[in-house]
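Shown next, in structure tokens, is the structure this report addresses.
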Amino acid sequence: MARRVVITGVGPLAGVAAGARAYSAALQAGASAIAPIRSFDPAGFPHHMAGELTGFDPTEYLRRLDAEQWGPASQFAAAAAR
């Protein structure tokens, strides 16, 4: 039985860029988001570098009240879906 898949949109949120066009341009330019970890103190961990999503403003994708009530993972999912 063949399965069909429909792609209805692309909404990447990555350390190099957010949004399909910006993400594509960043990849073509060879941009990298790998940098020292800034979201928490990595002391005690063997690795101190990561590809973090920086500069993300959830209010660009969600109402202010929703952004305040949702955790980061939910914010990222909703922004990517938009």
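Read-outs throughout are calculated quantities, based only on the coordinates presented, and are distinct from any laboratory measurement. Note that the structure is a prediction, hence the values are computed from the model and not measured. Reconstructed Cβ throughout: ideal geometry from the backbone, glycine too, with neighbour counts over all protein chains shown.
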Filtering region 1-15 down to residues that are touching a helix residue (DSSP H, G or I) at 6+ places or on another chain (Cβ under 7 Å) and of a type in the set (A, V, I, L, M, F, W, C), which residue is nearest to Phe76 (Cα to Cα)?
Leu13
Residues of region 16-50 being without any contact (Cβ under 8 Å) to a residue 60 or more places away in the chain and under 17 Å from Ala78 (Cα atoms), in sequence order, are Ala17, Gly19, Ala20
